[in-house]
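Following: one structure in structure tokens, then a few remarks.
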Amino acid sequence: MDNDNTPRLILASASVARRSMMEAAGLIFDVVPADVDEGTIRASMMSESDCVEAGDLAAVLAVEKAMAVSAGHPSCYVIGSDQVLALGRHMITKAATRSEARDTLDRLRGRSHELVSCAALVRNGEVMFHCSTTAHLTMRRFSDAFLENYLDTMGDRLLTTVGCYHLEGPGIQLFDQIDGDYFTILGLPLVPLLHQLRALGVVAT
């Protein structure tokens, strides 16, 4: 049973990178899968408007994940998170195959794109905090040979992140310029989230 006197922190199903960030920051938390159909939410928002902003989409997805988990753990503080890659007005999603990963990287090659990361904090079905941060990244014009070698090196890891790159690994070699917070690029606005958790007394001040 959840104990209100010692607030329990839950991370709604998140990537390995997000879990690692929070663990490295010294946070103690559980991970609970969020039963959310991201594809349907994304498609619904895109069909309703031709001008959906990446930040709005990331925020909705983050809140929905947190709400879904909060329904089963009402007294806990639940963190939902999401990341959206925008190439101009086009939203790019995770690749499902090596071929799709190649197509994604070929589209991003030599161009600039935005990564928007959002975190939402929910308790008792109430959104207590949400924050979105944006990073701007420019990929260099790498060769086809480099691309194929990169695909070989990364393997299935290509399919775990939007944009098919791991900035903390070989993916850094894809870029000419990066402007933005490192944690945003990894998928979580960690500094503002920690500030809010301290303000709520969830973690030590």
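The values are calculated or read from the model by the stated rules, or taken from the named source; none is laboratory data. Computed from a predicted structure; not experimentally measured. Cβ placement follows ideal geometry from the backbone for every residue including glycine, while neighbour counts extend to all protein chains displayed. Heads up: the accessible areas ignore ligands, DNA and RNA and are worked out on the full protein's heavy atoms, side chains in. Shrake-Rupley method; radii C 1.70, N 1.55, O 1.52, S 1.80 Å.
Give the number of residues within the stretch 92-112 that are at pLDDT 95 or above, open to solvent by less than 70 Å² (accessible area, probe 1.4 Å) and of a type in the set (S, T, Y). Of the residues in that region, 3 qualify. All conditions but one from (1) touching a Lys or Arg at 6+ places or on another chain (Cβ under 6 Å); (2) under 28 Å from G39 (Cβ atoms) apply to G110; the one that does not is (2).
Mind telling me which of the residues A24, A71, A17 ends up being small (G, A, S), more than 17 Å from N124 (Cα to Cα), more than 12 Å from the chain's Cα centre (by Cα) and open to solvent by 10 Å² or more (accessible area, probe 1.4 Å)?
That would be A24, the only listed residue that is small (G, A, S), more than 17 Å from N124 (Cα to Cα), more than 12 Å from the chain's Cα centre (by Cα) and open to solvent by 10 Å² or more (accessible area, probe 1.4 Å).
Inclusion of G125 among residues that are surrounded by fewer than 16 Cβ atoms within 10 Å (Cβ to Cβ), touching a Pro at 6+ places or on another chain (Cβ under 9 Å) and among the small types (G, A, S) is warranted.
Within the stretch 55-67, the set of residues being open to solvent by 40 Å² or more (accessible area, probe 1.4 Å) and either in contact with a strand residue (DSSP E or B) (Cβ under 6 Å, 6 or more places away or on another chain) or over 24 Å from I92 (Cβ atoms) (or both) comprises M67 only. Note on the stretch 78-91: residues that are touching a Leu at 6+ places or on another chain (Cβ under 7 Å) and surrounded by fewer than 19 Cβ atoms within 10 Å (Cβ to Cβ) amount to 1. Taking the listed residues L108, L57, the one that is out of contact with any Asp or Glu (no Cβ under 9 Å at 6 or more places or on another chain) and among the aliphatic types (A, V, I, L, M) is L108, with no other qualifying. Evaluated against (1) loosely packed, with under 13 Cβ neighbours inside 10 Å; (2) among the hydrophobic types (A, V, I, L, M, F, W, C); (3) in contact (Cβ under 8 Å) with a residue 12 or more places away in the chain, A145 falls short on exactly one condition, (3).
Among residues of the stretch 193-205 that are polar (S, T, N, Q), those with a beta-carbon under 6 Å from a residue that is open to solvent by less than 40 Å² (accessible area, probe 1.4 Å) and not in a helix (DSSP H, G or I) at least six positions away or on a different chain give the pairs Q196/F129. Candidates in the stretch 158-205 are the residues that are of a type in the set (S, T, Y), out of contact with any helix residue (DSSP H, G or I) (no Cβ under 7 Å at 6 or more places or on another chain) and surrounded by 19 or more Cβ atoms within 10 Å (Cβ to Cβ); of these, the one that is nearest to V122 (Cα to Cα) is T184. Quick check on the stretch 113-122. Is at least one of its residues of a type in the set (S, T, Y) and open to solvent by 70 Å² or more (accessible area, probe 1.4 Å)? Checked against the condition, which is being of a type in the set (S, T, Y) and open to solvent by 70 Å² or more (accessible area, probe 1.4 Å), the stretch 113-122 yields no hits at all. Only one of the numbered conditions (1) under 20 Å from the mean Cα position of the chain (by Cα); (2) among the β-branched types (V, I, T); (3) surrounded by fewer than 20 Cβ atoms within 10 Å (Cβ to Cβ); (4) part of a helix (DSSP H, G or I) is violated by T153, and that is (1).
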